[in-house]
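Taking it in order: structure first as C-alpha coordinates, then the write-up.
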Amino acid sequence: MFIWCRDHRLHHRYSDTDGDPHNSKRGFFFCHMGWLMHKKHPYVIELGRRIDMSDLQADWMVMFQKKYYYILYLVLAILFPVSVPVYFFGETWWNSLLVSYFARYVCQLHGTWSVNSLAHLYGTRPYDEHLQPVESWFVSMLSLGEGWHNYHHAFPWDYKAAELTMHFNLSASIIRFFERLGLAFDLKSASHEMVTNRIKRTGDGSHYNLGNEESCAAVTAWGPLHPLNPTYNSTLKPPSAMLKPEGLPLFHEKDVLNLDLKKNFM
Ligand SMILES: [Zn+2]
Ligand SMILES: [Zn+2]
(Lines give C-alpha, C1' and ligand atoms only; values in the text may rest on other atoms or scores of the structure.)
(Ligands and ions follow the chains in the order given, each with its own letter.)
Protein backbone atom coordinates (compact mmCIF):
# COMPACT_ATOMS: atom_id res chain seq x y z
CA MET A 1 0.00 0.00 0.00
CA PHE A 2 2.72 2.44 1.08
CA ILE A 3 4.99 1.50 -1.82
CA TRP A 4 2.09 1.55 -4.27
CA CYS A 5 1.18 5.08 -3.10
CA ARG A 6 4.74 6.31 -3.53
CA ASP A 7 4.96 4.85 -7.04
CA HIS A 8 1.52 6.23 -7.86
CA ARG A 9 2.38 9.74 -6.68
CA LEU A 10 5.50 9.52 -8.83
CA HIS A 11 3.38 8.27 -11.74
CA HIS A 12 1.07 11.30 -11.52
CA ARG A 13 3.76 13.88 -10.99
CA TYR A 14 6.06 12.67 -13.80
CA SER A 15 3.44 10.91 -15.91
CA ASP A 16 4.81 9.27 -19.06
CA THR A 17 8.35 10.53 -18.65
CA ASP A 18 11.44 8.75 -17.31
CA GLY A 19 10.43 9.77 -13.77
CA ASP A 20 7.30 7.59 -14.13
CA PRO A 21 7.85 4.03 -12.79
CA HIS A 22 5.62 2.65 -15.58
CA ASN A 23 6.37 5.14 -18.33
CA SER A 24 4.02 4.21 -21.20
CA LYS A 25 6.37 5.79 -23.76
CA ARG A 26 8.63 2.77 -23.29
CA GLY A 27 6.03 0.56 -24.96
CA PHE A 28 3.09 -1.64 -24.09
CA PHE A 29 4.97 -4.48 -22.42
CA PHE A 30 7.04 -2.17 -20.23
CA CYS A 31 4.11 -0.18 -18.80
CA HIS A 32 1.90 -3.29 -18.46
CA MET A 33 4.23 -5.58 -16.53
CA GLY A 34 7.81 -5.14 -17.78
CA TRP A 35 8.50 -2.36 -15.28
CA LEU A 36 8.14 -4.84 -12.41
CA MET A 37 10.83 -7.09 -13.91
CA HIS A 38 13.17 -4.29 -14.82
CA LYS A 39 15.82 -2.28 -12.99
CA LYS A 40 14.31 1.10 -12.04
CA HIS A 41 15.30 4.12 -14.11
CA PRO A 42 17.70 6.34 -12.09
CA TYR A 43 15.15 9.20 -12.25
CA VAL A 44 12.53 6.94 -10.63
CA ILE A 45 14.90 6.04 -7.77
CA GLU A 46 16.04 9.59 -7.08
CA LEU A 47 12.70 11.36 -7.57
CA GLY A 48 10.94 8.61 -5.60
CA ARG A 49 13.10 9.48 -2.59
CA ARG A 50 11.90 13.08 -2.79
CA ILE A 51 8.16 12.29 -2.79
CA ASP A 52 6.53 13.51 0.41
CA MET A 53 5.03 10.50 2.20
CA SER A 54 4.65 12.11 5.64
CA ASP A 55 0.83 11.89 5.61
CA LEU A 56 0.94 8.11 5.19
CA GLN A 57 3.82 7.69 7.61
CA ALA A 58 1.56 9.34 10.20
CA ASP A 59 -1.27 6.88 9.48
CA TRP A 60 -1.04 3.88 11.84
CA MET A 61 -3.18 1.65 9.64
CA VAL A 62 -0.99 2.13 6.57
CA MET A 63 2.17 1.59 8.60
CA PHE A 64 0.67 -1.53 10.25
CA GLN A 65 -0.06 -2.97 6.81
CA LYS A 66 3.48 -2.10 5.65
CA LYS A 67 5.06 -3.72 8.70
CA TYR A 68 3.03 -6.96 8.59
CA TYR A 69 2.70 -7.17 4.81
CA TYR A 70 3.95 -10.76 4.41
CA ILE A 71 1.84 -12.25 7.17
CA LEU A 72 -1.25 -10.32 6.02
CA TYR A 73 -0.61 -11.47 2.45
CA LEU A 74 -0.32 -15.09 3.54
CA VAL A 75 -3.60 -14.96 5.49
CA LEU A 76 -5.77 -12.66 3.34
CA ALA A 77 -4.53 -13.42 -0.18
CA ILE A 78 -3.68 -17.13 0.11
CA LEU A 79 -5.07 -18.97 3.16
CA PHE A 80 -8.48 -17.32 3.32
CA PRO A 81 -9.54 -17.45 -0.38
CA VAL A 82 -8.08 -20.96 -0.81
CA SER A 83 -9.80 -22.44 2.28
CA VAL A 84 -13.31 -21.12 1.53
CA PRO A 85 -14.00 -23.45 -1.47
CA VAL A 86 -12.46 -26.40 0.43
CA TYR A 87 -14.53 -26.00 3.61
CA PHE A 88 -17.79 -24.72 2.13
CA PHE A 89 -17.99 -26.27 -1.36
CA GLY A 90 -16.07 -29.53 -0.93
CA GLU A 91 -13.31 -28.58 -3.42
CA THR A 92 -9.87 -30.19 -3.27
CA TRP A 93 -6.96 -28.11 -1.94
CA TRP A 94 -5.16 -28.44 -5.25
CA ASN A 95 -8.13 -27.16 -7.35
CA SER A 96 -8.77 -24.37 -4.92
CA LEU A 97 -5.15 -23.24 -4.95
CA LEU A 98 -5.03 -23.21 -8.76
CA VAL A 99 -8.33 -21.35 -9.21
CA SER A 100 -8.79 -19.22 -6.08
CA TYR A 101 -5.20 -18.14 -5.84
CA PHE A 102 -3.25 -18.49 -9.10
CA ALA A 103 -6.01 -17.98 -11.71
CA ARG A 104 -7.69 -15.23 -9.71
CA TYR A 105 -4.40 -13.45 -9.15
CA VAL A 106 -3.40 -13.59 -12.82
CA CYS A 107 -6.79 -12.12 -13.93
CA GLN A 108 -6.71 -9.47 -11.22
CA LEU A 109 -3.15 -8.39 -12.02
CA HIS A 110 -3.81 -8.06 -15.75
CA GLY A 111 -6.95 -6.02 -15.02
CA THR A 112 -4.98 -3.68 -12.75
CA TRP A 113 -2.01 -3.47 -15.10
CA SER A 114 -4.28 -2.58 -18.04
CA VAL A 115 -4.83 0.81 -16.35
CA ASN A 116 -1.13 1.59 -16.81
CA SER A 117 -0.91 0.14 -20.31
CA LEU A 118 -4.19 0.16 -22.31
CA ALA A 119 -5.56 3.26 -20.53
CA HIS A 120 -2.39 5.16 -21.37
CA LEU A 121 -2.23 4.10 -25.01
CA TYR A 122 -5.54 3.37 -26.75
CA GLY A 123 -8.52 5.69 -26.40
CA THR A 124 -9.77 9.27 -26.50
CA ARG A 125 -8.66 12.38 -24.56
CA PRO A 126 -11.84 14.43 -24.03
CA TYR A 127 -10.53 16.32 -20.96
CA ASP A 128 -6.91 17.08 -21.84
CA GLU A 129 -5.36 16.19 -25.16
CA HIS A 130 -1.90 17.09 -23.83
CA LEU A 131 -1.97 14.20 -21.37
CA GLN A 132 -1.01 10.73 -22.57
CA PRO A 133 -3.71 8.85 -20.54
CA VAL A 134 -6.99 8.08 -22.31
CA GLU A 135 -10.62 7.19 -21.61
CA SER A 136 -11.22 3.47 -22.01
CA TRP A 137 -14.50 1.78 -21.13
CA PHE A 138 -12.86 -1.58 -21.78
CA VAL A 139 -10.28 -0.95 -19.05
CA SER A 140 -13.00 0.38 -16.74
CA MET A 141 -14.85 -2.87 -17.18
CA LEU A 142 -11.72 -4.91 -16.38
CA SER A 143 -10.63 -2.76 -13.44
CA LEU A 144 -14.05 -1.86 -11.95
CA GLY A 145 -13.82 1.84 -12.83
CA GLU A 146 -10.19 2.83 -13.27
CA GLY A 147 -10.24 3.21 -17.05
CA TRP A 148 -11.58 6.78 -17.23
CA HIS A 149 -7.96 7.68 -17.08
CA ASN A 150 -7.76 10.93 -19.04
CA TYR A 151 -10.19 12.39 -16.49
CA HIS A 152 -8.26 10.86 -13.59
CA HIS A 153 -4.99 12.46 -14.72
CA ALA A 154 -6.74 15.80 -15.41
CA PHE A 155 -8.36 15.79 -11.93
CA PRO A 156 -6.26 13.32 -9.89
CA TRP A 157 -7.75 14.49 -6.59
CA ASP A 158 -11.35 13.62 -7.59
CA TYR A 159 -12.36 10.49 -5.63
CA LYS A 160 -14.57 9.20 -8.48
CA ALA A 161 -11.59 8.97 -10.90
CA ALA A 162 -14.18 9.66 -13.63
CA GLU A 163 -16.61 12.38 -14.64
CA LEU A 164 -19.58 10.04 -14.38
CA THR A 165 -20.02 7.51 -11.64
CA MET A 166 -22.64 5.19 -13.07
CA HIS A 167 -20.64 3.75 -16.00
CA PHE A 168 -18.48 0.81 -14.94
CA ASN A 169 -17.37 2.66 -11.84
CA LEU A 170 -17.76 0.29 -8.93
CA SER A 171 -14.77 1.83 -7.10
CA ALA A 172 -16.59 5.18 -6.73
CA SER A 173 -19.71 3.43 -5.40
CA ILE A 174 -17.62 1.52 -2.86
CA ILE A 175 -15.98 4.75 -1.65
CA ARG A 176 -19.43 6.34 -1.26
CA PHE A 177 -20.63 3.27 0.66
CA PHE A 178 -17.67 3.64 3.04
CA GLU A 179 -18.47 7.34 3.38
CA ARG A 180 -21.92 6.33 4.69
CA LEU A 181 -20.26 4.08 7.23
CA GLY A 182 -18.05 6.99 8.27
CA LEU A 183 -14.87 5.25 7.12
CA ALA A 184 -14.29 7.66 4.19
CA PHE A 185 -14.65 11.42 4.55
CA ASP A 186 -13.86 14.77 2.88
CA LEU A 187 -14.45 13.33 -0.58
CA LYS A 188 -13.31 15.84 -3.17
CA SER A 189 -14.92 16.13 -6.56
CA ALA A 190 -14.48 18.53 -9.51
CA SER A 191 -17.51 20.80 -10.05
CA HIS A 192 -19.51 20.55 -13.26
CA GLU A 193 -18.33 24.03 -14.23
CA MET A 194 -14.67 23.16 -13.68
CA VAL A 195 -14.97 20.02 -15.80
CA THR A 196 -16.85 21.86 -18.57
CA ASN A 197 -14.19 24.59 -18.73
CA ARG A 198 -11.40 22.03 -18.90
CA ILE A 199 -13.13 20.11 -21.70
CA LYS A 200 -13.52 23.31 -23.74
CA ARG A 201 -10.00 24.53 -23.05
CA THR A 202 -7.88 21.40 -23.42
CA GLY A 203 -10.10 18.50 -24.62
CA ASP A 204 -9.59 16.71 -27.95
CA GLY A 205 -13.23 17.29 -28.98
CA SER A 206 -14.33 13.70 -28.41
CA HIS A 207 -16.41 14.36 -25.26
CA TYR A 208 -19.78 12.55 -25.45
CA ASN A 209 -21.70 15.76 -24.73
CA LEU A 210 -19.44 18.75 -25.41
CA GLY A 211 -17.31 17.33 -28.22
CA ASN A 212 -17.62 18.25 -31.88
CA GLU A 213 -18.80 16.00 -34.70
CA GLU A 214 -15.54 16.21 -36.61
CA SER A 215 -13.40 14.95 -33.71
CA CYS A 216 -15.92 12.25 -32.77
CA ALA A 217 -16.00 11.05 -36.38
CA ALA A 218 -12.19 10.89 -36.44
CA VAL A 219 -12.19 8.33 -33.63
CA THR A 220 -11.78 4.83 -34.99
CA ALA A 221 -13.87 2.34 -33.09
CA TRP A 222 -11.95 -0.72 -31.97
CA GLY A 223 -14.08 -3.45 -30.50
CA PRO A 224 -17.65 -2.84 -29.36
CA LEU A 225 -18.75 0.72 -28.60
CA HIS A 226 -19.54 1.88 -25.10
CA PRO A 227 -23.24 1.01 -24.66
CA LEU A 228 -24.15 4.40 -23.13
CA ASN A 229 -21.62 6.82 -24.59
CA PRO A 230 -20.82 5.91 -28.16
CA THR A 231 -17.76 8.13 -28.36
CA TYR A 232 -16.15 6.38 -25.41
CA ASN A 233 -14.35 3.81 -27.48
CA SER A 234 -10.78 2.89 -28.24
CA THR A 235 -8.55 4.02 -31.04
CA LEU A 236 -5.51 2.15 -32.18
CA LYS A 237 -3.24 5.18 -32.03
CA PRO A 238 0.41 4.39 -31.37
CA PRO A 239 2.14 6.23 -28.50
CA SER A 240 3.15 9.66 -29.75
CA ALA A 241 6.82 9.63 -28.76
CA MET A 242 9.74 7.27 -29.04
CA LEU A 243 12.19 6.81 -26.21
CA LYS A 244 15.58 8.43 -26.71
CA PRO A 245 18.58 6.76 -25.07
CA GLU A 246 19.17 9.81 -22.88
CA GLY A 247 15.53 9.83 -21.76
CA LEU A 248 12.58 12.10 -22.31
CA PRO A 249 12.28 15.61 -20.87
CA LEU A 250 10.53 15.78 -17.53
CA PHE A 251 7.62 18.09 -16.87
CA HIS A 252 9.25 19.33 -13.70
CA GLU A 253 12.75 19.97 -15.05
CA LYS A 254 13.71 22.05 -12.02
CA ASP A 255 13.50 18.95 -9.85
CA VAL A 256 16.19 17.17 -11.82
CA LEU A 257 18.57 20.04 -12.51
CA ASN A 258 20.68 19.19 -9.48
CA LEU A 259 20.69 15.45 -10.00
CA ASP A 260 23.98 13.88 -10.96
CA LEU A 261 22.53 11.13 -13.11
CA LYS A 262 25.35 10.72 -15.61
CA LYS A 263 27.15 8.15 -13.48
CA ASN A 264 24.02 6.01 -13.52
CA PHE A 265 23.87 5.69 -17.30
CA MET A 266 25.75 2.74 -18.81
ZN1 LIG B 1 -1.97 6.75 -15.18
ZN1 LIG C 1 -3.96 7.68 -10.28
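The values are calculated or read from the model by the stated rules, or taken from the named source; none is laboratory data. Every value quoted in this text rests on a predicted model; they were computed, and no experiment measured them. Glycine also receives a Cβ, built like all others from the backbone with ideal geometry; neighbour counts cover every protein chain displayed. Side chains included, ligands, DNA and RNA excluded: accessible areas come from the protein's heavy atoms. Shrake-Rupley method; radii C 1.70, N 1.55, O 1.52, S 1.80 Å.
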Review point. Once amide H atoms are built 1.01 Å from N in the peptide plane, which residues 5 or more positions from residue 148, or in another chain, come under 5 Å H to H?
Key: 136
Review point. Using the alpha-carbon centroid of each, what span in Å lies between segment 154-203 and segment 1-75?
Key: 23 Å
Check your understanding: For the charge dipole of segment 62-169, defined by +1 on Lys and Arg C-beta atoms and -1 on Asp and Glu C-beta atoms about the Cα centroid, which residue among 145, 76, 113 has the Cα displaced farthest towards the positive pole?
Key -> 76
Study note, to complete from the structure: Heavy-atom accessible area of residue 188, protein chains in place, probe 1.4 angstrom, given in Å² to nearest 10, is 120 Å²
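Could you pull out the pairs from 39/188; 40/188; 40/66; 40/200 whose alpha carbons sit more than 31 Å apart here? Provide the component values of the computation, followed by the final result.
Details: 39/188 36 Å; 40/188 33 Å; 40/66 21 Å; 40/200 37 Å.
Table pairs above 31 Å Cα-Cα are 39/188; 40/188; 40/200.
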Exercise for review: Run the 1.4 Å probe and let me know the accessible area of residue 210, rounded to the nearest 10 Å².
Suggested key: 70 Å²
**Study point:** residue 107 accessible area, assembled protein chains, probe 1.4 Å, Å²
**Key:** 100 Å²
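Carbon-plus-sulfur fraction of the accessible area of segment 32-152, 1.4 Å probe, in percent?
Numbers: 4810 of 7010 Å².
About 69 percent, which is the carbon plus sulfur part of the accessible surface.
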Review point. What is the extension gain from residue 5 to residue 76, computed as 0.36 nm multiplied by their sequence separation minus the C-alpha to C-alpha distance, in nm to one decimal?
Key: 23.5 nm
